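Trainee: First the structure, which I've put down as structure tokens, then a few questions once you've had a look.
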Amino acid sequence: MSTTPSPRPRRRPDPRCPLRPGEPCTLCQASVTGPQDCGLVYLIMDDPEAREAFAESKRRSS
């Protein structure tokens, strides 16, 4: 009698916040499912000046 091992339950990856490296996405808004549809991430990454200011602030804090 052969038994087939039951598949392991798949664990969903924890989304990470691109604005706070190393920290999980805390889903700050009720309708957000992760960084891919976060309004704040969109605003920062879509605006070249805001993106550069954010990058500069990260360089200064390092």
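Trainee: In the range 24-47, which residues are loosely packed, with under 10 Cβ neighbours inside 10 Å and either acidic (Asp, Glu) or in contact with a Ser or Thr (Cβ under 6 Å, 6 or more places away or on another chain) (or both)?
Mentor: Asp46, the sole residue that qualifies.
Trainee: If we scan the range 13-33, do we find a residue that is in a helix (DSSP H, G or I) and in contact with a helix residue (DSSP H, G or I) (Cβ under 7 Å, 6 or more places away or on another chain)?
Mentor: Scanning the range 13-33, I find no residue that is in a helix (DSSP H, G or I) and in contact with a helix residue (DSSP H, G or I) (Cβ under 7 Å, 6 or more places away or on another chain), so the answer is no.
Trainee: Follow-up. Only one of (1) surrounded by 10 or more Cβ atoms within 10 Å (Cβ to Cβ); (2) hydrophobic (A, V, I, L, M, F, W, C); (3) modelled with pLDDT under 85 is not met by Ala50, so which one is it?
Mentor: It is condition (3) that Ala50 fails.
Trainee: Mind listing whichever residues of the range 22-42 are of a type in the set (Val, Ile, Thr) and in contact with a strand residue (DSSP E or B) (Cβ under 7 Å, 6 or more places away or on another chain)? Step through it out loud before you land on a result.
Mentor: We begin by selecting, within the range 22-42, every residue of a type in the set (Val, Ile, Thr); these are 26, 32-33, 41.
Result: no residue meets the conditions.
Trainee: Can I ask one more? Have a look at Leu27, Leu40 and point out the one that is free of Cβ contacts under 8 Å to residues at least 24 places away in the same chain, aliphatic (A, V, I, L, M) and at positive phi.
Mentor: On inspection, the qualifying residue turns out to be Leu27.
The values are calculated or read from the model by the stated rules, or taken from the named source; none is laboratory data. The model shown is predicted, which means the values in this text are computed figures rather than measured ones. FYI the Cβ positions are ideal-geometry reconstructions off the backbone, even for glycines, and counts take in every protein chain you see.
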